[in-house]
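Only one structure is covered here, and it is reproduced in the block below.
Every number in this text was worked out from the coordinates using simple rules, so none of it is lab data. Since the structure is predicted, the reported quantities are computational estimates derived from the model, not experimental observations. As a convention, Cβ positions derive from the backbone with ideal geometry for all residues, glycine included, and neighbour counts pool all protein chains shown.
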Amino acid sequence: MFVKPALAAATIALLAFAGCSSPAPSAGSPSAGQSAPASAPASAPAAGSEVSVDDFLAKVSAGMASMKTYHVEMTVSGAGEGKLTTTGDIDAGVTPPNQHLTMTIAGKPVEMIVVGGDYFVKGMMGDGWVKMPAGAASSMSGSSGDQMSVLTNNKDAFEKIVLVGSEDVSGTPADHYRVTMNLEKIGGSMASASAAKTMTYDAWLDSEGRMLKAVTEMGKITTEATMSKFNEPVTIKAPTEFTEMPS
């Protein structure tokens, strides 16, 4: 069925893309408000040079720390019966993040709201809201809610990161990185979401490390995503009327 692999691909794209609250500083790393160690690189790497996983994750983590809310637009293609498009808002100021997304799956509109870790879906099983059981929601999301931790805990899966160069994304200067990950080294549902062995994605980060754009290649599945409207007011509430899907 188209829906499941497409949603899984979208989930992995968002994980790689950056999508939630910042993690607690790891041992030996500076906490908020502290200065970086004296041994930190004094200048940015040159275009075409390889970047360490630690440096890349540190930049993404810093960007995520400054993103309390944002807007995302994403298209997933090559997963089967058409394109999956997603647009919506994320409130990353809470853990797990609240989300309100509108998707078009094989031409059919589907709406999803995530509040306090509860998943509500409309359009997949009738016209009304359906609250998904915890197990099904976890399977679909593939995430514990702290997506930066997912990336950090799978550092061994990063095979290569290259700084392609500086480019413009919708009028904002950004550093373009090309990242290759070994999916066989990623545990959990991320590993089983695709038959592909590797995932390549191009990421554009602004000066604060915030992800402006990402293009992901995972087997035959291509995901294009953009993020904008950083820290603008967002209100996401759970539906007041819904039915519960049996476990």
### Sorted peptide list for 88-101, 158-171, criterion being average Cβ within 10 angstrom, highest first
88-101, 158-171
#### Entry: Length added when fully stretched, ASN153-ASP168, from 0.36 nm per residue minus Cα-Cα
2.3 nm
### Task
Show which lysines lie in cross-link reach of LYS160 when reach means a straight Cα distance below 18 angstrom and same-chain residues fewer than eight apart are skipped.
LYS59, LYS185, LYS197
### Task
May I ask you to derive the FRET efficiency for THR235 and GLU111 from their Cβ-Cβ distance with R0 = 22 Å, giving the value to the nearest 0.05?
0.90
### Message
Need one number: nm distance between label points at ALA46 and THR198, each 7 Å from Cα along Cα→Cβ, rounded to one decimal.
### Response
2.4 nm
### Query
Reachable aspartates and glutamates from LYS108, Cα under 14 Å, same-chain residues fewer than 8 places away excluded?
GLU81, ASP127
